[in-house]
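Okay, so here's the structure we're looking at.
Here, each number is a calculation from the coordinates, and none is a lab measurement. Here the structure is a predicted model, which means the values were calculated and not measured. Cβ placement follows ideal geometry from the backbone for every residue including glycine, while neighbour counts extend to all protein chains displayed.
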Amino acid sequence: SEAMDRIVIAGAGQAGFQAAASLREAGFSGSLILVGDEAALPYQRPPLSKAYLAGKTDARGLLLRQESFFAEHRIDHRAGTRVTALDRGARQVRLSDGGSIGYDHLILATGTRNRTLPVPGADLAGVRQLRSLDDADALRAAIEGIRRIVVVGAGFIGLEFAAVCAARGLSVTVIEAAERVMARAVSPETSQAFRAFHEEAGVAFLFGAGVTAIEGGGERVAAVRTADGQSLPADLVVVGIGVVPNQELAEDAGLAVRDGIEVDAFLATSDPAISAIGDCVRFPTRFAAGLPGGDRVRIESVQNAVDQGRCLAARLTGRPAAYDAVPWFWSDQGPRKLQIAGLAAPDDASVLRRAGAGFSVFRFRDGRLSAVESVDRAADHMAARRLLAARRTLTPEQAADPGLDLKALATA
Ligand code: FAD
């Protein structure tokens, strides 16, 4: 294989950072440049809608590593710098500071950005989103001294945000176009349980509702108007209606994209000198077989970003292996912890398993275990990850049997 003197990583988030750290851990001794357009050192996003928003941890507590790590591992972190274009012929990236850097291998780890609400008034002051540390700081300040919050979108981030605000005694209404919470990601059973948890905590829901406009009092948001003619008063509106992958760099350079940068099982793009990892990537996996989009998916999770970073670092240091990690995810909503292992299609069958405090919903597709959603059942979640990794299944009858020793089955 070719000598690899310099690896450049575009995007200094969870995946880009992991690739850099794992490359060094695996013995890569060349030059390593991690270019990120955010000002901060690489940090974790999950607490932004949880502990950080609630004021239970500070910005330092979010950092993936302290500053000294980057110097010690010779990772040249270029903060506040955007990669603006790729020149594949010259193997160079252009930077927002006017410079350019040559690479032997380029890793695209540009993540996603939030979808914006395509309605009038969406740019009023007081209409916000939550993706970055800057967004979270703005929201922490915004929820001081206000009363009424409208959250648009009952996805993970919207619900986590709603739970933190409700716990502070704020009035929170969540507007959702679908008929249930987290509709794209979890079973009706899990949706129903979380709706009840949030309602008990004081959150109000409006389902099957489209937002047609954000109404202002002057420059500031005053209300949210829905398709059925309601006007919900709001001091703050938080929009959480999904993301779009940051794939323009790849697309403009002629790489294949389709709701994500397309990579093969080894996370390589159609250019052998360029790989891509994390939220911005569409990749093939056996866990997607039978999903509506075919056997390729784009996954937004810490697990996927970290495991793809590791997998790619291994390949670039001479230990190639196809990416085959079990997808898993968590979401903390108020006092409840949701954990998901595997990938379910919307119409996968559900088997509810109750034991003690929490419960798990086992999902089956074509008679095989596809995913397990666990609520306050960490042991079920760990067992599910093992079963899925080992390509083992169980029957729906076994899943429903409260006497079944799941852990024993998973470790057998
Ligand atoms: P990111 O971490 O988004 O990093 C991409 C980076 O690239 C960003 O800093 C971006 O600004 C930068 N960038 C983009 N374009 C360029 C460019 N041209 N040049 C330079 N830099 C660029 N996942 C879970 O599993 N559990 C959770 O509980 C959970 N909670 C979350 C809560 C919030 C509020 C958010 C926003 C996400 C949460 N996630 C959670 C998802 C998880 O954080 C992401 O899946 C993960 O961060 C993906 O890593 P990534 O490196 O692919 O993308």
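With a cut-off of 13 Å on the backbone N, no residue of the stretch 274-290 is near the modelled label site 7 Å out from residue 100 along Cα-Cβ.
Using every pair of separate Cα atoms, the Kirkwood estimate puts the hydrodynamic radius of the chain at 22.6 angstrom.
The modelled label-to-label distance for the pair residue 66/residue 337, using points 7 Å beyond Cα in the direction of Cβ, is 2.7 nm.
Approximating the spin labels as points 7 Å out from Cα along Cα→Cβ, the residue 207-to-residue 322 distance works out to 3.9 nm. For the pair residue 144 and residue 88, the difference between a 0.36 nm per residue extended length and the Cα-Cα distance amounts to 15.3 nm. You can think of it this way: the chain between residue 200 and residue 179 has 5.7 nm of extra reach, that is 0.36 nm per residue less the Cα-Cα gap. Taking a ≥ b ≥ c as the square roots of the eigenvalues of the Cα gyration tensor of the stretch 320-385, is the shape rounded (a/c under 1.5), prolate (a/b larger than b/c) or oblate? Oblate. If R0 is taken as 41 Å, the Cβ-Cβ distance between residue 376 and residue 265 corresponds to a FRET efficiency of 0.70. A cut-off under 13 angstrom between Cβ atoms defines the neighbours of residue 334, and their net charge, with Lys, Arg +1 and Asp, Glu -1, is 0.
Note on residue 397/residue 258: beta-carbon distance plugged into 1/(1 + (r/R0)^6) with R0 of 35 Å gives a FRET efficiency of 0.35.
Distance between the 7 Å Cα→Cβ label points at residue 51 and residue 219: 3.7 nm.
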